[in-house]
Structures are given as C-alpha cells and as structure tokens.
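The values are calculated or read from the model by the stated rules, or taken from the named source; none is laboratory data. Here the structure is a predicted model, which means the values were calculated and not measured. Every residue, glycine among them, receives a Cβ derived from its backbone with ideal geometry; neighbour counts consider all protein chains shown.
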There are 2 protein chains.
Amino acid sequence: MISTDGGFRIGLLGRGTVGGAFAALLPRHAERIERITGLRPELAGVMTRSSGAFEEILARSDLIVELMGGIEPAREYLLAAMRAGRHVVTANKQLLSQYGEELWETARAHDVQLRFEGAVAGVVPVIRVLQEALAGATIDRVHGIVNGTTNFILTEMARTGMTFEEALAEAQRLGYAEADPSEDVDGRDAAAKMAILARLAFDTPVHLEQVRYEGIDQIKPDDLEYARDLGLELKLVGTAERIGAGLSVRVHPIFLYPAHPLASVSGPFNAVTVESEAITEVTMSGPGAGGPQTASAVLGDVISAMIPPASTPPTSSALEIVQDVVSAFYLHLEVADEPGVLAQVAQVLALQGVSVKSVVQKGLGVQARLVMVVHPVLESRFQAAMDLIAGLDFLRAPPRAIRVLEEEFG
Amino acid sequence: MISTDGGFRIGLLGRGTVGGAFAALLPRHAERIERITGLRPELAGVMTRSSGAFEEILARSDLIVELMGGIEPAREYLLAAMRAGRHVVTANKQLLSQYGEELWETARAHDVQLRFEGAVAGVVPVIRVLQEALAGATIDRVHGIVNGTTNFILTEMARTGMTFEEALAEAQRLGYAEADPSEDVDGRDAAAKMAILARLAFDTPVHLEQVRYEGIDQIKPDDLEYARDLGLELKLVGTAERIGAGLSVRVHPIFLYPAHPLASVSGPFNAVTVESEAITEVTMSGPGAGGPQTASAVLGDVISAMIPPASTPPTSSALEIVQDVVSAFYLHLEVADEPGVLAQVAQVLALQGVSVKSVVQKGLGVQARLVMVVHPVLESRFQAAMDLIAGLDFLRAPPRAIRVLEEEFG
C-alpha cells in the first residue's frame, strides 16, 4: 500500500446509483472514520463512463472501490489493482459469480484484501458472517431471500390481489424495480448471489451457470390466494444445501410455513438463514440492495480494510448516559368494584400529565380490575403517578405496569 | 506472536460448560481450520480451578481463550496475556461490561486482537457486525432480546398459561436456566450484554452500573392473557438509543406489536435489531448462549485471529454440484368439469411415484380447478408427471406447480 500523510486515498470506479451514493456518504463520515482508523479517507479520483483514466486513478489511490458493474472492464481493473498491491472493494455480483475464483486467488497471491459485502443482500452482513463468524461451523444449508424487487412484488400481490404485471409496475413506480427488470424477475440476479453464498458456505467453487433458477413472472394471484387460505407465505427463495456428498444451489418460488424465519420477511427486504447442526440456525435480515444501503455496506468494507482486525477503537465520550426516557405503558390495577374508581385513577394520571389511550374494565367484585394503556410519557412522570395510585385505598394489590413499544413497523 | 512450525497453540482458561464444549469442538475442526488458515490449531494447555499454572500455559501458547467467567483472576490473566503480545478471545460479559475500557485500551496499546463474539447472543454475530459491517453507519438505536432463559420463560408462559415460577422450573428441567437463575431473571445478565453493545454502537463508554434493568419475575399470567387478546408479544428487551445528545441503555419487559422484528423471536433464541437512518434496520437472530453455540462463536473468533482479514480461502472442491433434489409441490390444474378427471391425474402422479398429500376441487364449469399438495419427491419425477399431465386433453391451461418447504420450525 502507498503510505500517505494521514490520508487514505480511495479510487472510485463507477458513479451510478451505488457509486453516487458512496461518493456522497464518504465525506459525511470522514471525520468519524478518521477517529476510528486514525486515517482520513478521501476520494482520490472517480472514473465514469466518459471521464477518468484507470491507470492514473490507481497510481494515486490506496484502495480501489469498483461499482461499475458488468464483467469487463471491471474484472481487468480489479485484477490490475490487486496485482499493484491495492486492497479492493466491490459490489459486483455478476463478476464474482462468474470469475470469483480468479479474483480470490489473485487476492491471496498478492496478499491484499478483496471485500464484497455489498454484492449480496445490501447491508445485511452475510458475507462477513459466512467468512468469519461461521468459519468454525460446518454449514448444512443456506436459505435466502436475496432479491428485494421480487420480494416486494410478491408481498404486494399477496396484500392486494394484484397481478404480477400490476405489482411490477408498482415496484417500478416506487423505484424498487429497474426499467428493465428481467434479471430480477427471472431469478438470475438471485442465482448470482446464491452462487457467491454457496461458494463461501461450502468451500466449493460455484459458477452462476451451475445454479438452477426460476423466477416469479408465472405466479398468478390465485396462487397467493391459495397461500393465504392455508396460512402459507410465497417467497422467491435461494437454497444452497449439502445433499449427500454433493451441493445443490437453486432459486425458485416456494411456499413457507409461517414459523419459518424467512416467512415474515416482506417488502423490499432481504434475509438469509444459515443452518448448521452445531448452531441450529442464524438469520439475518434487512433492507435489500438500494443505493444508500449498498453504499453503506461498501463503506463498511472500506473501513474494515483500513483498521487492524478486531480492534475496538477508543471511545469518543460524546454521549451522556440518559436515565429518564419516554415510554407508553400498560397499567393493570386490581380494584374494589365500586363507583368513582376510574374517575380517581384518571385524575391521578392527568395530574402527572399521563394521557390514557384505552381502558378496559374486567371482572366483577373481588375479580374487578382496570386494564389501561397510556400514551408515551416521561417515565419519571408515570412513576410518580404509579406511586400516587399505589396509595389509593380501593386498590386490592400493588399496581402493575409494563412498557409498550409504540413504533410502527412492517 | 510466538512462531511455531505449522501449529497454532491455544491456551484455554476454564473448562466449564463453554470451555468443555470448546475443547471438544477444536479437534473436530482442526483439519478444516488448517485448510483455511494454513496452521493446525492445538490445545497447548488447559487451566481449571484445580489444575494448570497460568504462566506456564501462557509461555507455550500463541493465543489465550478465557472461559472461566467472573472478574478475577480472568481480568488479570487477559491483561497479562495481551501485555505478552498474545491475541485473546473471551466470552466474559461481566468482565467486559465492567472493565471493557481497560481491556480494549490494553489491546490497542499492545497491538493485539481482543475478540469477544461469544459474550453476547451466542452465535449471533452481533459484535462483529457492530464493529465492522456497520462501522460506516451512524446508529440510532439497538434493540435486543439477549437472554435466552427469560425469552424461553416468557414464551412458555404465553403458550401454556403457566405462572412465572412454573415456567422457570420447566426451563431448569430443560437446561435453559441455571440452578441459580437470579442474574437471568432479574435482567442483570441482559444489562451487561446491552452495556457492551451500547459501547460498540455509540462509541461511548458504558458501565454495567449505568444500565437500568428490570426482570420478568413480576410478570403474571394475566399480563400475557392481555397480550394475547391484543395480539401483542411480551419480551424482555434491551434498548440502547440516542436521545438528544445523550444515550439511554436499559432492559425491561415490553409489549411488542406483531410486525416488530423481535416479536417473532421465541423460545431460547436471541435477536438484535440495529436501526440507522441510512440503512433502516438490520436484524440478526439465532440460538442464545448454550455451551455448543457459545463455543462455536469462540472458535469463529479464534479462526479470525489466525487468518489475514477478508481473505477467501482456496476451495476444497469437496462437493459436487447436484441438480436433482427432493421437494414437495403445490399443483394447480385448470380442468374441464367432468367425471374421471381426478382419477386420471392421480394415476399419472402415482405412475411417477408422486404421492398426494391433499386435494381441493374448486369452482365449477369453466372455473373448475384441482389444487393439490404432493409429498416430497425427486424433482425429475415430478417434472415427468407434469409433462404427462400437460398432455391430458381435459386441461384448460398448462399445469402450474410451486414448491412447498416442508421443514418444521418454531
């Protein structure tokens, strides 16, 4: 690597959706990265279709980030960069699923890092986990929803009864599908990602052309109706699994029972489940490849290439520890069955600024209880209300409260 | 590091549940690790409560694995090992949540690795992801179910209506709770883990004593009844989040709406969700700390310490790519509404050894269709049956088939 005076120079090849997001992300995080790594990252040059010369950018870079996509000249540039002793980061799944062995071999031969977290499942760190965390496990199977476009389409079809064509148009409108969506909907994009995952999980060379795949363009609304009737979820799932002394890698639509870890993955999300006898299973999920998500994965790779492994950087002590926060609560009161009880409780709550969202009165006589949910409030205020309520003489047992997480999801 | 002739010597401190599992796991994986790293790992010495001298083990080890637990002498040994230039791996959450800064500072000062994936969430690689994959993201919040004992107890209470005491006894019977479960059920174990996660996610020193925690021993069966009525899930959740210029770290029981990524985490499982504006959210889940799971995480750390970062090892080419696999199928046939149709289809299926699990006849006249699910069968056999069915003259449209994943989960 070229030594620099406190700077770390990154050559960027490609400035499309992901490349542009990366170029925007880097300066925003430069200060923080300098704090973590001791080196200030900077863009040494950007090569686009119409401008920039590779040799010049390489000469003044410590690391090359390849986000052009396609096979050539991406392959040629990555090989040249590694032969020149530079670490490289790429998100190029087509390239890795077809020329991965050549690239990994070159990285080993020149003792440089070749990182590619952004190539599969966006910011879901499945590459890192397979390469490092699970290096000590014998993996039996990998299941993945690795294409966000098709998962979004299937989710919309199931939710609304739309046809495939309608849901695809909706995905294009929202930016979840490209103008030419054929590699997504026919399963080839997912097949390339599964080839990469299978290679890492099973130490076996897997070429894209060895992966059987099937897409979702033949799925009809009544297939999803059937799924709903039976409580099943229809997903486009990639599978890589040991079968006897062999390895099967394939992608196809499949019905999942609701308890399967991938069944609840909806919208443009990705998820990967890794199964192994020793560890049972690990599932990772998150947003699939969008520009900012993939750029964030690429930046994580860049930072990893900059820092010594497994170092915990010094703290910045920037944040104070806060003790009082805002929460919603469920409140359970065992009360005497007499008039005016609810009014008194409500008055105490109001006094502390606690606002009631819903109330249920349950049971009669010695079984009588008030169960309520209150809106988010500073916990100290709620505690003060609880202390006052605990002193009310119609309470038959100490009040019980449990927090309620109010965030919206899904 | 001491150079050795092709061997990599590991000194093991502690041989309890996790230490014993690690000592058993290492020789089983030695050959594979040698293939990945080029070095053959071996146990150089084991220190137990009654045997082994630390100084002797240190002198003949390349790396120290600390699985004794507790503060002293674990702290003293880890510090001494790092000062002697050895990488160290530990799963000691108590120690890291109270003396983490001292340990991480020592690792930086002596340029050695201090890895601790096993300290939080067993084999779920949350430490590695926070330290590396998400190093480029500004994290807003971390939510975690980080104690498998309490998650098992809450799941059992919700499932069966048991009291806390009954569910705890069940957990102890199944080995999910220790004889003295107090640190698990009172939330202190989860608090220690959240202190570690918060430190990594927010670059802010967090001591166990700064984490507010609450356990699950006060939860009553009717709280879970209420949850069921409202479609909520009750979980013991640890939270670390930015609040203004501050950081709140806390653990308490909380109701979750079903779409929350942690709501579906049941039994002795752990899961952590990391939220950040740039990446929305990433969730990782898997079995919580059991001996074999934690030992597997520890072994992953050891392997990471042995290999150069981000290298993809050469393939072993041990597995052949298999093209024909066994699957269950859903089969959708648009048929003429006439007698004998089902019999003919059934005959064709039987001819190819395809066994029917369930059949539904839907619609009448030109809407008539047969929807069936067949038992797992070699895909080539099923395809042969499909080809024959496609030739039957009462079919009004080509047959449609989608795979069904038959595995049991949950």
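Just a few scattered comments:
- Strands (runs of 3 or more DSSP E) contained entirely in the range A:348-410, each with at least 1 residues that are free of Cβ contacts under 8 Å to residues at least 12 places away in the same chain and closer than 13 Å to residue A:333 by Cα: A:356-362
- Scope the range A:265-285; condition crowded, with 22+ Cβ neighbours inside 10 Å and either more than 7 Å from chain B (Cβ to nearest Cβ) or under 23 Å from residue B:373 (Cβ atoms) (or both); matching residues: A:265, A:268, A:269, A:270, A:271, A:272, A:273, A:274
- Residue among B:190, B:137, B:171 that is in contact with a helix residue (DSSP H, G or I) (Cβ under 6 Å, 6 or more places away or on another chain), outside the structural domain of residue B:92 (by TED's automatic domain parsing) and closer than 23 Å to residue B:261 by Cβ: B:137
- Residue within the range A:144-167 that is assigned to a strand (DSSP E or B) and touching a Leu at 6+ places or on another chain (Cβ under 8 Å) present: yes
- If you filter the range A:230-264 down to residues that are more than 25 Å from the chain's Cα centre (by Cα) and facing chain B (nearest Cβ under 9 Å), you find that the one that is surrounded by the most Cβ atoms within 10 Å (Cβ to Cβ) is A:248.
- Verdict on residue A:2 being at pLDDT 95 or above and part of a loop (DSSP other than H, G, I, E, B): no
- Subset of the range B:271-286 [of a type outside the set (A, V, I, L, M) and not in a loop (DSSP other than H, G, I, E, B)]: B:273, B:275, B:276, B:280, B:281, B:283, B:285, B:286
- Filtered residues of the range A:74-122 (kept if modelled with pLDDT of 95 or more, in contact with a strand residue (DSSP E or B) (Cβ under 7 Å, 6 or more places away or on another chain) and of a type in the set (Gly, Ala, Ser)): A:74, A:81
- Filtered residues of the range A:181-238 (kept if of a type in the set (A, V, I, L, M, F, W, C), part of a loop (DSSP other than H, G, I, E, B) and farther than 19 Å from residue A:93 by Cβ): A:219, A:230, A:232
- Test for residue B:21: is it within 22 Å of residue B:303 (Cβ to Cβ) and outside the structural domain of residue B:199 (by TED's automatic domain parsing): yes
- Boolean, residue B:95 is under 24 Å from the mean Cα position of the chain (by Cα), touching a residue at least 12 places away in the same chain (Cβ under 8 Å) and closer than 26 Å to residue A:200 by Cα: no
- Consider the range A:38-55 and keep the residues that are of a type in the set (A, V, I, L, M) and closer than 13 Å to residue A:12 by Cβ. The one that is surrounded by the fewest Cβ atoms within 10 Å (Cβ to Cβ) is A:43.
- Verdict on residue B:217 being touching a helix residue (DSSP H, G or I) at 6+ places or on another chain (Cβ under 6 Å) and surrounded by fewer than 21 Cβ atoms within 10 Å (Cβ to Cβ): yes
- Qualifying positions in the range A:142-189 - out of contact with any Ser or Thr (no Cβ under 7 Å at 6 or more places or on another chain), aliphatic (A, V, I, L, M) and either away from chain B (no Cβ under 14 Å) or free of Cβ contacts under 8 Å to residues at least 40 places away in the same chain (or both): A:146, A:153, A:162, A:167, A:168, A:169, A:174, A:179
- A count restricted to the range B:56-101 and to residues that are buried (at least 20 other Cβ atoms within 10 Å of the Cβ) and small (Gly, Ala, Ser) stands at 6.
- Test: residue in the range A:24-42 that is away from chain B (no Cβ under 12 Å), touching a strand residue (DSSP E or B) at 6+ places or on another chain (Cβ under 7 Å) and over 30 Å from residue B:203 (Cα atoms): no
- Inspection of the range A:262-270 identifies at least one residue that is part of a loop (DSSP other than H, G, I, E, B) and on the phi > 0 side of the Ramachandran plot.
Rundown of residues vs (1) under 45 Å from the mean Cα position of the chain (by Cα); (2) at the interface with chain A (Cβ under 10 Å from one of its Cβ atoms); (3) closer than 30 Å to residue A:260 by Cβ; (4) at pLDDT below 90, yes/no style:
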residue	(1), (2), (3), (4)
B:346	yes, no, yes, no
B:351	yes, no, no, no
B:354	yes, no, yes, no
B:359	yes, no, yes, yes
B:364	no, no, no, yes
B:384	yes, no, yes, no
B:407	yes, yes, yes, yes
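- Here the condition is being over 24 Å from the mean Cα position of the chain (by Cα) and of a type in the set (A, V, I, L, M); of B:137, B:195, B:169, B:133, it holds for B:169 alone.
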